[in-house]
Amino acid sequence: MPLSSQRMTGTFMRRAWNAFGRTRARLVLALVWASLSAACATVSPPPKPAPTYSQTPRADSPFALAEDGIRAAHGPEASGFMLLERNEDALAWRLALVDSARHTLDLQYYVWFGDRVGQLLMARVIAAADRGVRVRILFDDLSTMLHDMTHLELRDAAIGLIDRHPNIEIRLFNAWYARTVAERLAEGATRFTQLNRRMHNKQMIADNRVAIVGGRNIGDEYFGLNPAFNFHDLDVLGIGPVARDASTVFDRYWNSDTAGPPPRFEGTAPEAGLSEASVRAILDLQADPREAAMLEGRRSWGPELAALSARLHTGRGRVDADPPARDETTRNRMPETIHRLMRGAQREVLITNAYIIPDATFVEDLRALTARGVSVRILTNSLASHDVPAVNSHYEGWRVTLLGLGVTLHELRPDAAIRSTLVDTAPVRGEFVGLHVKAMVVDRERVFVGSMNLDPRSEVFNSEMGVVVDSVPLAQALAAGMERDMDPSNSWRVALGADGAPRWTSDAGTLDRQPARNALQRIQNLFFKLFPPSLY
């Protein structure tokens, strides 16, 4: 199989396994339970590790100068923020934080794939630990470090080996006790309610002074390096008190009852350093000079850090997050964070969100906003740009409702013009663009950037996080980007025709049928209507 085909197959196998976490497969699990129950009889939860906490920021951190400048000019409660829209920039700034950290690195991710980007970042994290940086990594245990679901044992060996580093500690969120596919199917039948809660949070914190919070997982498609498809996504980099806010969220999850150690690695570590092996695995990207600089190992980011202060928008931000565990008495907090932000609008609400299946509260909020003259514009995925057609199956029935409320609705084109400027990272060119952004701007004054989709899985089942920032300059910058994405060269505007049915209009013309990439997507869209939207 050609390399490009292998990568495409691996991508969709990974995403199929990842999608298992989006689907409440009670029927399947019940069917396999009888034959597999004995497989889990011997597994049990690992012992609870001792708590650890974020360190007080030190004056010799390379990020201290930028924070000191913000404090001197704007006061002790102000932070500096920079949007990370371009996939290439999002990768570069993650590498900059990892390479420049002097004391601590805390990383919390729903997915960290074992692909080229995953290996590259892990190599640099290990290199940071080699030079004495204390590293804490919190992974969700669903599909981290996987290429596909047949490599669980190899995944566990890799994580266990990394965890043996004296300066690295790894914990798994809501870990499966079982470590094979068969055992997991059986375990899922008995622990489904608990295992259905996945940690969808994504953040990186360096020296407790700078944090990156947003929508990107760690994997090729989130940084423009997947030849099958790449996401248009968004993070925000924050320096100052907002980083300590992010650390508080990290510590809460890290020390929770839902986080525990990975399986112990019993093998012999290779003589060559793991970081060297990881870098070798992605050397093929060096064909492009811009990527070669990233791949050559840790480098000085002094010029970028020196110029960072001039690029920051100042404001006051707070990081909000759901509780690590959810039960009958503990509910998610992030839905109310989103609704409260929307309800405060006086003039305008701009929403970009990848996966939308509205609930009654969201619809009523929109109704109240438009009734008092607030302009509401929404961008989401079209079926043609979707990586999860099941979501579109249950979103599409809401189009007429949203339009009837007076909402201006846009759906991303898979051939969006931003593909060449924001999405694909040379030399890679993906076959289509998908939307993964979760963001909101209210009155061009307040901003939300985070991990939360507007669907039942994010609102009820997953844990989510995000940052809310009061900053006119940041809000104006994000609003400009959202309006760019709504341009006819990047998205279809959906409107009702004379017959009351939706029409899709872009600079390529008007369609009277929802756009799709192929017939298979249309079949999938019909098939997933057979299941309730709460499954996804």
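The values are calculated or read from the model by the stated rules, or taken from the named source; none is laboratory data. Because the structure is a prediction, the values reported are computed rather than measured. Every residue, glycine among them, receives a Cβ derived from its backbone with ideal geometry; neighbour counts consider all protein chains shown. For accessibility, only protein heavy atoms count, side chains too; no ligands or nucleic acids. Shrake-Rupley method; radii C 1.70, N 1.55, O 1.52, S 1.80 Å.
Between the range 334-407 and the range 458-536, how many Å separate their Cα centres?
Here the answer is 9 Å between Cα centres.
Alpha carbons only, please: Rg and Dmax for the range 386-536, in angstrom.
Gyration radius and largest Cα-Cα distance of the range 386-536: 16.6, 46 Å.
For the range 55-133, what does the accessible surface come to per residue with a 1.4 Å probe? Please give it in Å².
29 Å²
Give the Rg/Rh ratio for the range 318-422, taking Rg as the radius of gyration of the Cα atoms and Rh as the Kirkwood radius, to two decimals.
1.00
In Å², what does the accessible area per residue of the range 297-423 work out to with a 1.4 Å probe?
Heavy-atom accessible area per residue stands at 39 Å².
With a 1.4 Å probe and all protein chains left in place, how much accessible area per residue does the range 158-234 have, in Å²?
Result: 20 Å² per residue.
For H386, what is the net charge nearby, where nearby means another residue's Cβ is under 11 Å from its Cβ and Lys, Arg count +1, Asp, Glu -1?
Taking every other residue near H386 into account, the sum is -2.
If you count, for each residue, the other Cβ atoms within 10 Å and average over each peptide, how do 382-395, 244-257, 500-513, 349-362 line up from highest to lowest?
382-395, 349-362, 244-257, 500-513
Out of the total accessible area of the range 191-246 (probe 1.4 Å, heavy atoms of protein only), what percent is carbon and sulfur?
Carbon with sulfur: 56 percent of the solvent-accessible area.
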